[in-house]
1. What pairs come up if the first residue lies in segment A:218-241 and is charged (D, E, K, R), the second is assigned to a helix (DSSP H, G or I) and more than 9 Å from RNA strand B (Cβ to nearest atom), and their beta carbons are under 9 Å apart, counting only those six or more places apart or on different chains?
2. Please work out if A:Arg585 is surrounded by fewer than 17 Cβ atoms within 10 Å (Cβ to Cβ), more than 30 Å from A:Thr18 (Cβ to Cβ), more than 14 Å from the chain's Cα centre (by Cα) and of a type outside the set (Val, Ile, Thr).
3. I need a count of the residues in segment A:206-221 that are assigned to a helix (DSSP H, G or I) and in contact with a helix residue (DSSP H, G or I) (Cβ under 7 Å, 6 or more places away or on another chain).
4. Go through segment A:620-644 and give me each residue that's near RNA strand B (Cβ under 6 Å from one of its atoms) and of a type in the set (Phe, Trp, Tyr).
5. Here are some conditions: (1) surrounded by 21 or more Cβ atoms within 10 Å (Cβ to Cβ); (2) outside any helix (DSSP H, G or I). A:Phe625 meets all but one. Which one does it not meet?
6. From the set of residues in segment A:122-131 that are outside any loop (DSSP other than H, G, I, E, B) and at pLDDT below 95, which is farthest from A:Arg531 (Cα to Cα)?
Amino acid sequence: MTESGTADRTRIERYEPTAIEPRWQARWAELGLHRTDLHDDRRPKFYLLTMYPYPSGDIHIGHWYIKTPTDAIARFHRMHGENVFLPIGFDAFGLPAENAAISRGINPRAWQMANIENMRRQLRMMGATFDWEAEVVTADPEYYRWNQWFFLRFLEAGLAYRATSPVDWCPNDGTLAREQVEGVDRRCWRCGAKVEKRDLAQWYLKVTKYADELLDFSGLDWPEPVKTMQTNWIGRSEGAELVFTTAPDDHQPGNDEVRIFTTRPDTLFGATFMVLAPEHPLVEKLTRPDRRAEVEAYVAQARAETEIERLSTDREKTGVALGADAINPINGERIPIWIADYVLGGYGTGAIMAVPAHDERDFAFARRFELPILRVVAAPGASAVDAMTEAYLAHAADERLVNSGPYDGMPADEGGRAIVAKLAGDGRAKATVTYRLRDWLISRQRYWGTPIPVIYCDRDGIVPVPDEDLPVRLPDEVDYRGSGENPLTRDEGFLRVDCPRCGGTARRETDTMDTFIDSSWYWYRYLSPERSSGAVDPDMVARWTPVDQYTGGAEHAVMHLLYAREFTKMMRDCGIIEQSEPFRRLFNQGQILGADGERMSKSRGNVQDPDELVERHGADTVRLFLMFMGPWDQGGPWNPTGIGGVHRFLNRVWTVTLDPHGRPAGDPAEAVADVGAAGRELRIAAHRTLHAVSADYQGLRFNTMVAKLMELTNLLMRYRGTVVADTADWDEAVRLLLLMLAPSAPHIAEELWSRRLAAAGEPWRSIHAERWPEWDAALVAARTVELPIQVNGKLRDKVELPAGLSQAEIER
RNA sequence: GCCGAAGUGGCGGAACGGCAGACGCGGCGGACUUAAACUCCGCUGCCCGCAAGGGCGUCAGGGUUCGACUCCCUGCUUCGGCACCA
């Protein structure tokens, strides 16, 4: 390289990314650079997973933002001698395809497959090293049959069940899981329509069984916000279940048990009324005849309540008295029973004891309906009888029980325990734990999903489809005219089936599964996508999982990322795998918004098409620009202003590599006084850059990684065309620069590497098969430290001192 | 309301408790060019000053420290999540 430079300094080839990128992509495909031998156990494995895309049609720059740094991670780890597996697939079931099919009158499968074909092409343009051999497409019967198979295993294990209860219902998507209802005004996560309640028989997965286990994140390197969100979502709450009984009156005999959940058993003496959820099973029985009309009207209103604006939690409380009383188990006092929508049917026992003195909501309710408020907890010195203007919630260590009979004067905590202990004696109390987390409702009244493999027989009831009859295929030719109602419900060919037990005429379940089922295990399938004898290959799963690094958006913190953990635990409990957690390290990259700061969407017209950028600047520039924009977890509005700077940087890399001796007209080359010192400066800079860049790659800090490569390149530019460019130091710096650039800008690095090899007369070898270089620790360590001398916080002077001095020596 | 994250030049953003503003964009000036583009070089936080130099600066206010963008407290703003969870 060094001697050839002088010969041809005036006319080096220009950097033309579009000329070199397709060539190297083809070459890598030929070489199988991306392909992973999953059976190779001589090298440490690195399972790198990126959330598989939904094939919505076109890729936008947001896909690149997720995927190209992920490819850089893959290449970085390969250069460390690891056996990296970076698979890709498509999340092909789901509503958008079905809607598109309805509006265009084409089959969702055909539409989806065309989209996938297009996305494959666009993904390849990134120059990313996805292992396409491992691809899965969830709408493929050979994939979704295993969804059905899992469902049957869960059914056998008692982890799947059918129940009728009020469910969240979206007019477009049908039923939704609880996580899929968003916001105060309760809208569908996917289509934004308002969600209502409906009573329906639906299939559930018993994920609440894992509530406690899901709270344990030990051994997982996950972002704190995601762990916090999941923890809050699971909502563990310790307290006690207390049993009240109904008092007899003229209209009913009483003595029914009403179980309530409370976190404050210490306030039991302060319970001045009781509130049931409107849907509580005892409402009907307890309602006094003269209250019936009002109660029924309230229940009906509560049922429809999601259609009414629920603008804030501090809207005025509503409720109705049933006209019956309950008996407080601790003191035998009669208190009135009300129903109110602020008590939720699905949480705890659907009933509460109301202690207005010590609960904000109960306080507001008591004020509104003029119910008594009795203080039972007070700080020392506070009056036990004064009128309260707000609920007293404080939980100070020195507060004492008052108005609580024999428990007066006890510290609140201790009093609570004593009350529970007392009532526990005759079975009227027990310490319990309640969770916010609900079982996962997986039934969807949609066509484009995995059919739930059960059959309804008049004689045998619910009959699971036998394993050998899987998959239950989704018919391709269906009539999906109309309002979007599930066409399976009128597809006779699909519906009619013989009962596997009695052989009689039976009907198939027409609901399909939540598509989050598909995404709850796809990374296990990547390990054996063709396997027909089972959903997953247990040996491969044992060897390759948990996933070492997962990358994707944070928007699924309590959806996909929670479902995935739940599903893994269910698979484990069915003996399918041994793992308990799917993803060891998680990174949530930010989201690229449109230039207007809104989510990119075709309808807003703010979508940035990457093809266009690639055509103009090349894939390497686009990749690097996305990494350079800012911290990867940050995202932000799309602003391409700086992309030229990144392109110029790559141009300079091109120039210092191919034309070290050139000097552009107009650039006053300075004479280098001391070549040795300059070379040493270059060497130190190169090794320090390597040290820092390695750490940045490891920590996924790509923006500073690129900045450091720019700095090194700028330094090389300074010595370009001087005698320094003839030194071995220069040559080494360029070599390190290319190696460090290789994971992020793989095409230009490969091109320049090959030219260097050719110039040196060495046989070609891909830069991506090179080992990541090692830095010289002596060069990285600072020889001297500049110590600022400050007086009263102001900089007065600086001294250069050798590193590693003791404090006493410095002070001297 | 509760939980979480974040507030640094004109802009995107850097900074183990130790020279705030790396790197890039934009801007200004210059070289090259018949000219322009490209490329290259220099300057570019704000204020005062011809200059040397000085003052002020990391949302606001307190605190810890020889020293705070960084740690602690209080408040404000923005973004994300939750939504009466007893």
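The values are calculated or read from the model by the stated rules, or taken from the named source; none is laboratory data. Bear in mind the structure is a predicted one, so any value in this text is a computation, not a measurement. Ideal geometry is used to build each Cβ from the backbone, glycine not excepted, and the neighbour counts take in all protein chains shown.
1. Close Cβ pairs (under 9 Å, with a partner that is assigned to a helix (DSSP H, G or I) and more than 9 Å from RNA strand B (Cβ to nearest atom)) amount to A:Arg236/A:Ala211; A:Arg236/A:Asp212.
2. Taking the combined requirement at face value, the residue does not satisfy it.
3. Here the count works out to 5.
4. The answer is none; no residue qualifies.
5. A:Phe625 satisfies all of (1) surrounded by 21 or more Cβ atoms within 10 Å (Cβ to Cβ); (2) outside any helix (DSSP H, G or I) except (2).
6. The qualifying residue farthest from A:Arg531 (Cα to Cα) is A:Met125.
Here's the yes/no breakdown for (1) modelled with pLDDT under 90; (2) within 12 Å of RNA strand B (Cβ to nearest atom); (3) outside any helix (DSSP H, G or I):
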site: A:Leu700; (1), (2), (3): no, yes, yes
site: A:Ile748; (1), (2), (3): no, no, no
site: A:Arg755; (1), (2), (3): no, no, no
site: A:Gly761; (1), (2), (3): no, no, yes
site: A:His768; (1), (2), (3): no, no, no
site: A:Pro773; (1), (2), (3): no, no, yes
site: A:Ile789; (1), (2), (3): yes, yes, yes
site: A:Leu805; (1), (2), (3): yes, no, yes
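Residue-wise test of (1) among the β-branched types (Val, Ile, Thr); (2) under 30 Å from A:Ser533 (Cβ atoms); (3) crowded, with 21+ Cβ neighbours inside 10 Å; (4) over 23 Å from the mean Cα position of the chain (by Cα).
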residue: A:Glu135; (1), (2), (3), (4): no, yes, no, no
residue: A:Glu142; (1), (2), (3), (4): no, yes, no, yes
residue: A:Trp149; (1), (2), (3), (4): no, yes, no, yes
residue: A:Phe154; (1), (2), (3), (4): no, yes, yes, yes
residue: A:Thr164; (1), (2), (3), (4): yes, no, no, yes
residue: A:Val167; (1), (2), (3), (4): yes, no, yes, yes
residue: A:Asp173; (1), (2), (3), (4): no, no, yes, no
residue: A:Arg178; (1), (2), (3), (4): no, no, no, no
residue: A:Cys188; (1), (2), (3), (4): no, no, yes, no
